[in-house]
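The values are calculated or read from the model by the stated rules, or taken from the named source; none is laboratory data. Predicted model, so just to flag it, every value in this text is computed and none were measured. Here the Cβ positions follow ideal geometry from the backbone for every residue, glycine too, while neighbour counts run over all protein chains shown. Only protein heavy atoms, including side chains, enter the accessible area calculation; ligands, DNA and RNA are left aside. Shrake-Rupley method; radii C 1.70, N 1.55, O 1.52, S 1.80 Å.
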Amino acid sequence: MKALTIDRLHAESQRLKSLFGWAVGLGAFLLFSQILYVPLKGLIFAIGTPDMVGASAMIMETAVRSLPAVALIAALWTARQLFEVYSGGTILSARGGRLIGRVGDWLTVSAILALAVGPANDRMDAVTGAYITTQIALICVGLAIRLLGRVQAVAADIAADHAQIV
């Protein structure tokens with residue numbers, strides 16, 4: 001196994017930045033094409049007809065149910081920003097710590113939104129509890145990532161203060 005050097009870390013961060021950029025693009029495309037396209041099309045065709053109210057209600061319901069996915073896309077975008085900072089050469093920085101914390105925040109928000117608008121009332125989920133358990137685990141992971149980011153940000157601030165004193 002190769003030793004992890006700063007140059008190799010920068011190169012891997014650059015690749016991860018690109019990967020997360022593609023993931024954001026793909027996620028946004030899928031969110032629009034698979035979830036929002038049909039309700040938007042229905043709304044456009046319903047303009048000027050009595051079906052306008054039903055089409056509007058359908059698009060609002062779809063938009064609300066899409067909020068957890070939007071929060072996950074925001075987490076991917078924030079992770080992309082994090083790896084952009086890493087690829088720029090600042091591995092342990094206060095900004096990097098804040099970005100790690102934001103990734104955790106977005107994961108937590110996504111899971112909470114999923115609990116609020118997701119299929120928790122599904123009959124099978126009442127039997128297995130898989131959906132709720134997954135969302136609670138995601139909340140815990142998000143909170144742990146948030147704490148890790150806060151620790152890194154505080155450590156970077158302390159190191160910067162120490163460097164100014166010495």
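Quick one: angle between helix 130-165 and the longest Cα principal axis of the chain, in degrees between 0 and 90, rounded to 10, please.
30
Taking the Cα centre of the chain as origin, work out the dipole magnitude from +1 charges on Lys and Arg Cβ and -1 charges on Asp and Glu Cβ, in debye rounded to 20.
For the chain, the charge dipole is close to 300 debye.
When the accessible area of the chain is split by element with a 1.4 Å probe, what percent falls to carbon and sulfur?
Carbon and sulfur together cover 70 percent of it.
For the stretch 3-154, what does the accessible surface come to per residue with a 1.4 Å probe? Please give it in Å².
On a per-residue basis, 61 Å².
Can you give the FRET efficiency for Ile136 and Trp22, using 1/(1 + (r/R0)^6), R0 = 25 Å, r = Cβ-Cβ distance, to the nearest 0.05?
My answer for the efficiency is 0.25.
Output the 0 to 90 degree angle, nearest 10, between the alpha-carbon long axis of helix 37-46 and the longest principal axis computed from the alpha carbons of the chain.
Relative to the chain, helix 37-46 is tipped by roughly 40 degrees.
In Å, the Kirkwood hydrodynamic radius of the chain over pairs of distinct alpha carbons?
Result for the chain, one decimal place: 18.5 Å.
How far is helix 94-117 tilted, in degrees, relative to the longest principal axis of the Cα atoms in the chain, given as a value from 0 to 90 rounded to the nearest 10?
Roughly 20 degrees, rounded to the nearest 10.
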